[in-house]
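All of the numbers you see were taken from the coordinates with simple rules; none came from a lab. All values reported here derive from a predicted model rather than from experimental measurement. As a convention, Cβ positions derive from the backbone with ideal geometry for all residues, glycine included, and neighbour counts pool all protein chains shown.
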Amino acid sequence: MILAFFGRGSFVDSIAEEALLWQTIVAGFALLLGVVSIVRVHWGRLRTRHRDWFYSVTLLVCMAVMSVSGVVFGIGSGTLFDNLFMNIQAPMMSTMFSILAFFIASAAYRAFRARSAQSAILLLTAILVMLGRIPMGQLIYQHLPDWANWIMIVPSVAVQRGILIGAALGAASMSLRVILGIERTYLGGS
Amino acid sequence: MTPASKAGTRPDSRRRHFLRDFVATLIAASSLMSLFSSEFAGAIQAGVFRFERMNALILVILFSFLILWYIRRAQRGVGLYVRPLPGISAVDEAVGRATEMGRPVLFIPGTGDLDNVQTIAGLSVLGRVARVTARYNTPLRVPVLYPLPLAAASETVREAYIAEGVTDQLSPETVQYVAGESFSYSARVGGLILRERPAAAVYMGQFTAESLLIAEVGQASGAIQIAGTAEPEQLPFFIAACDYTLIGEELYAASAYLSREPRLLGSLKGQDVMKVLIALVVVAGVLSVTFGWGIDFWAHVLHAE
């Protein structure tokens, strides 16, 4: 992959494409591990009459129905699989995403309590940015949106870039350790 | 900020070796820089090497040299200091709390796949957490989003339990595959937190929108929460919802901090030196733009294709 980044030509490109293809195949087979893991956990709960066994039955039945409908009838538009996905799975995912709004409100309530000088600065900055991003902010003071934009474009971006530079160096260092076999803790080594 | 590292004294022979290696690297870097001349690069533009990416290659070579150099120094026994990371130090405390309360420990190695370096960093911390939970006979729950991290996490936890001689504590529920989709995963993990009430929750790795969905449920359940990610967009959520947060590079430093392995600590030192060099380039760039000195030079050298 490193060669493919710094080099060009059919030989280098074909090696990189082949490596990506292998990765896809391995990931496909690894999905079987996931299925086995789910079945083992939930079948075990059914066998031992775990107090939440009903959820396990629901999960196993839903997994079987989705798998069989996809394999037997296909996954194209208008098929049973597609209908189940679009009318059950997708609305449930949207519901989960919408809950995020309430969680942001509760997290913001805790974060913006002025318990120290730093929290007071955070609170004031948050109020400025929030007011600057709504039409009412401009009615209160015409330059409020400009202040909010400056906070988002200058100090906020500067901090984010600092974090990104550090994180990129950390990732490169970690990658090098893994490539050289120095870092083995992720495989249980010491 | 990174865990700053500080080297101790070194003998003269080591200093000579360092000078020799440093000069050799300078010569190599100068040779590569000479290839920047537009005529030479243009002549072999049609070749197999992407000369427009030469600056990236020089950076990679320099960075690799610094890392390897400081690893070598660490192997020679030069003392290295790593500043304390409260989030990592709190792991033992959190597991101890879970043991006292008789509740499980929840560990999430991020929601990225195994090709993401943050996932590997998360798995490194998992190895340590699994060792501690195995030692204190505390239940561990590791729900994962993708199959490849499932295999890696299972192996990490199994090795930790073998090392502590308690493989009988392992169950299929310890490391389990949950879902291949982010919001389904959040729903399952939220349910797990509310039903099993873990006393400690550790989130280490790459996270996207599900970070707050999970961390807020953990916060509401009263669990002590430790998070670490290199995603700037998710850091505010973790800082608001968790007791301790590892920011950016601290996540990658965690495995070195935990293991105290000299070679891993050495790589942190190399990383810090590189950061100083980048800071100098940033300062030079700011001065250059402010006073109009050599803007074209910096634009040419730092231009990325």
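Structure notes:
- Relative contact order %, the stretch B:86-259, counting alpha carbon pairs below 8 Å whose residues are six or more apart: 28 percent
- FRET efficiency for B:Arg83 and B:Leu302, using Cβ-Cβ distance with R0 set to 22 Å, rounded to 0.05: 0.15
- Extension gain from A:Ile134 to A:Ile179, taking 0.36 nm per residue of separation minus the Cα-Cα distance: 11.3 nm
- Pairwise Cα distances in the stretch A:1-73 exceed 20 Å in 56 percent of cases.
- Footprinting exposure proxy for A:Asp82, B:Asp92, B:Asp296 (fewest neighbouring C-beta atoms within 10 Å first): B:Asp296, B:Asp92, A:Asp82
- Mean separation of Cα contacts under 8 Å, 6 or more apart, over the residue count of the stretch B:43-172: relative contact order %: 21 percent
- The translational diffusion coefficient of the stretch B:166-276, from Stokes-Einstein at 4 °C and 1.567 mPa s with a Kirkwood hydrodynamic radius over alpha carbon pairs, comes to 83 µm²/s.
- Residues with amide H under 5 Å from that of B:Met204, placed H, sequence gap 5 or more: B:Ile108, B:Gly110, B:Gly228
- Paramagnetic label zone (point 7 Å from Cα along Cα-to-C-beta, A:Thr24; backbone N under 19 Å) in the stretch B:113-131: B:113-116
- Per residue of A:16-27, other chain Cβ atoms within 10 Å of the residue Cβ number 1 on average.
- Across all Cα atoms of the stretch A:90-146, the radius of gyration (one decimal) and Dmax (whole number) stand at 15.1, 44 Å.
- Spatial separation of Cα centroids for the stretch A:1-44 and the stretch B:157-194, in angstrom: 23 Å
- Principal axes of the stretch B:216-305: Cα extent on each, largest first, Å: 57, 33, 24
- Alpha-carbon Rg/Rh ratio, for the protein assembly as shown, with Rh computed the Kirkwood way: 1.00
- Distance from the alpha carbon centroid of the stretch A:107-137 to that of the stretch B:246-305 works out to 32 angstrom.
- The slack in the chain from A:Asp146 to A:Leu164, taken as 0.36 nm per residue of separation less the alpha-carbon distance, amounts to 3.9 nm.
- Debye log10 I(q)/I(0) at q = 0.11, 0.16, 0.20, 0.22 Å⁻¹ for the stretch B:70-175, Cα point scatterers: -0.39, -0.76, -1.03, -1.14
- Sorted by Cβ density within 10 Å, fewest first, the residues B:Glu155, B:Glu249: B:Glu155, B:Glu249
- Counting Cβ atoms of other protein chains within 10 Å of each residue's Cβ and taking the mean over peptide B:260-272 gives 3.
- Integer Hz, Karplus 6.51/-1.76/1.60 couplings in order for the stretch B:60-74, x for Gly and Pro: 4, 5, 5, 5, 4, 4, 4, 4, 5, 4, 6, 5, 4, 4, 5
- Å³ per residue enclosed by the Cα convex hull of the stretch B:86-259: 93 Å³
- Calculated mean residue ellipticity, 222 nm, chain A: -26000 deg cm²/dmol, from DSSP H runs (n ≥ 4) at -39500 (n - 2.57) each, averaged per residue and rounded to 500.
- Kirkwood Rh (inverse of mean 1/r, distinct Cα pairs), the stretch B:78-132, angstrom: 13.0 Å
- Antiparallel DSSP beta bridges within the protein assembly as shown, percent to nearest 5: 10 percent
- Square roots of five times the Cα gyration tensor eigenvalues for the stretch A:98-188, Å: 38, 18, 13
- Along each principal axis, taking the top coordinate minus the bottom one, the Cα set of chain A gives 63, 51, 43 Å in descending order.
- Mean partner shielding of peptide A:102-113, defined as the number of other chain Cβ atoms within 10 Å of each residue Cβ, is 4.
- Scattering from the stretch A:47-118 was approximated by placing one identical point on each alpha carbon and applying the Debye formula without solvent; log10 I(q)/I(0) at 0.11 1/Å stands at -0.54.
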